[in-house]
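Here is the structure we will look at.
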Amino acid sequence: MIDLGIGQTENCLFSSEEVKCSALKVINHSNNEAFQYAPEEGLYRLRVEIAKWLTNKTKMEVLYKDILITNGASHALELILKMMVPKGGTIIIEDPTYFFALEIFKDWDLNIITVGLTDGGIDVGEIEKICKKRKIDLVYTIPFNHNPTGITANKKTINKLKMLADKFDFYVASDEVYRFVGDPQPQSMYTGHEQRIFSIGSFSKILGPGFRLGWINASDQNISDLVKCGVLISGGGVSPLMSLILSNMLETGKVDSICKKLNYFYDERRERLIDVFSKNLPIHVKFYPPTGGFFAWLEIDSEISIDKIRENLIEKSVDIINGSQFSLNKNFSNCLRLGFTFYPPSQLEYACKEICLAIKKVNI
Ligand SMILES: Cc1ncc(COP(=O)(O)O)c(C=O)c1O
């Protein structure tokens, strides 16, 4: 079965040799320091290396004081909700959005309001209207290579969102896990001075989710509020040993070479998918050609049953995921999210062609 519901990296693309080499080096030379607790903000060396790496990538200075190490983006989001949003608070999220973020939100006593996406990112006009009527505590957005739609927010949207955050006093949790997947997005939402912005990054989409390491880039004042969290006070910074290995990988340029290699494979797969869809999709299907990230989004005529399309596809050993799973209110049942990073181009091409055929067949 080729399951395009999967949004992950293919196992054979991970770089185990590079990790092994860095692990041996740091364990042999660390005086066993890496087996100790780390400071709440995370291992100093990793914060410094991430700051340097981001500065080099974006040509804009990132300070290590503005970096907090987390167990990936999921942990970062949970930490921001826990420490910055009052119980019973109100947040705005995109519809559709990353489905497991919905699971994180469920753990908290929150009022959730959804707003749509435009071609230029989250609907900031809608946010402004809501803010005029009620207090909003936080906006969660995925500005770059959005999951599930692949949309990237334009500068105008990002600037307006920041302006609204200041005007109406809400925080923004900007989930930027796909920022370095595909066409580079030079600037994060947080650019070194904003008091209401938290930019979230993760090595899950750069090296592999098994690292379970990510970061929050925010003002040092906001970072010091986040580290008042009991779990960090008790446990110290997350994963010191893995952090040390990753520091070495950043220092020696391995992260950049792995990131480049993965992007090469992702680009090839993405281009294959775009090629098949641009030649074979029926015209009534709206296709958003992605420029990066892991996903493509198809919007099909609402008269056509996605379940029927899926039944046809299962017979051809292809599976898909219904767009409604990415919506708090189960909207987008006429949409499909297709992950293009998990299968080699030939299998992806087969699956995409079958999807086009199944849509045509069900449409007759
Ligand atoms: C938008 C988005 N945010 C966060 C995550 C999870 O990231 P992490 O593995 O760093 O927790 C994912 C994973 O698919 C994602 O798509």
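The values are calculated or read from the model by the stated rules, or taken from the named source; none is laboratory data. These numbers come from a predicted model, not from an experiment. Methodologically, a virtual Cβ is constructed for each residue, glycine included, from the backbone with ideal geometry; neighbour enumeration extends over all protein chains shown. Heavy atoms of the whole protein, side chains included, go into the accessibility calculation; ligands, DNA and RNA do not. Shrake-Rupley method; radii C 1.70, N 1.55, O 1.52, S 1.80 Å.
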Picking from Ser204, Ser243, Ala218, whose Cα lies most toward the positive end of the charge dipole for the stretch 201-273 (charges on Cβ: Lys, Arg +1; Asp, Glu -1)?
Ser204
If you count, for each residue, the other Cβ atoms within 10 Å and average over each peptide, how do 20-26, 271-277 line up from highest to lowest?
271-277, 20-26
Quick one: of Lys155/Lys353; Lys82/Lys135; Lys59/Lys254, which pairs are farther than 23 Å apart, Cα to Cα?
Lys155/Lys353
Aspartates and glutamates within cross-link reach of Lys160: Cα-Cα under 20 Å, excluding same-chain residues under 8 positions apart?
Glu94, Asp95, Asp119, Asp123, Glu126, Glu128, Asp137, Asp169, Asp175, Glu176, Glu194
Where the centroid of each part is defined by its Cα atoms, how far is the stretch 278-337 from the stretch 89-152 in Å?
21
Tell me which of Ser324, Ile67, Ile104 sits at the most positive position along the dipole axis of the chain, charges placed on C-beta atoms (Lys, Arg +1; Asp, Glu -1).
Ile67
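Keeping all protein chains in place and using 1.4 angstrom, which order do Ser234, Ser243, Ser257 fall into by accessible surface area, from largest down?
Ser234, Ser257, Ser243
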Please find the FRET efficiency linking Lys59 to Asp307, where r is the Cβ-Cβ separation and R0 is fixed at 51 Å, and quote it to the nearest 0.05.
0.55
Ignoring ligands, DNA and RNA, what percent of the accessible area of the chain is carbon or sulfur (1.4 Å)?
51
Neighbours of Gly5 by Cβ distance under 9 Å: Lys/Arg at +1, Asp/Glu at -1, summed charge -1
So if I place +1 on the C-beta of Lys and Arg and -1 on the C-beta of Asp and Glu, and nothing else carries charge, what would the dipole magnitude of the chain be about its Cα centre? I want it in debye, nearest 20.
380
Quick one: grab the alpha carbon gyration tensor of the chain, order the square roots of its eigenvalues as a ≥ b ≥ c, and give me rounded if a/c is under 1.5, else prolate or oblate depending on whether a/b is larger than b/c.
oblate
Sum -39500 (n - 2.57) across every DSSP H segment of at least 4 residues in the chain, then divide by the residue count to get the 222 nm mean residue ellipticity, nearest 500.
-13500 deg cm²/dmol
So for the chain: antiparallel DSSP bridges make up what percent, rounded to the nearest 5?
55
Positive minus negative residues near Asp123 (Lys, Arg vs Asp, Glu; Cβ under 12 Å)
-3
How many times 2.2 N^0.38 Å is the alpha carbon radius of gyration of the stretch 1-129?
1.41
Does anything in the stretch 167-184 have its amide N under 20 Å from the 7 Å Cα→Cβ label point of Lys132, and if so which residues?
167-170
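Count charges around Lys82 for me, please; just the other residues with Cβ under 13 Å from its Cβ, Lys/Arg as +1, Asp/Glu as -1. Could you put the intermediate results ahead of the total?
Working: positive: Lys87, Lys228; negative: Glu78, Asp107, Asp109, Asp137, Asp225.
Here the charged neighbours net out to -3.
Taking a threshold of 31 Å on the Cα-Cα distance, which of the pairs Lys156/Lys286; Lys57/Lys106; Lys20/Lys65; Lys20/Lys52 fall above it?
On the way: Lys156/Lys286 24 Å; Lys57/Lys106 35 Å; Lys20/Lys65 29 Å; Lys20/Lys52 23 Å.
With Cα atoms farther than 31 Å apart: Lys57/Lys106.
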Taking the chain as the reference, fit the longest principal axis to its C-alpha atoms, fit the long axis of helix 16-29 to the helix C-alpha atoms, and give the angle between the two in degrees, 0 to 90, nearest 10.
10
Positive-end residue of Ser333, Gly192, Ser257, charge dipole of the chain with Cβ unit charges
Gly192
Keeping every protein chain present and rolling a 1.4 Å probe, give me the accessible area per residue for the stretch 15-252 in Å².
42
Where in the stretch 330-363 is the amide nitrogen less than 11 Å from a point lying 7 Å along the Cα-to-Cβ axis of Leu102?
330-333
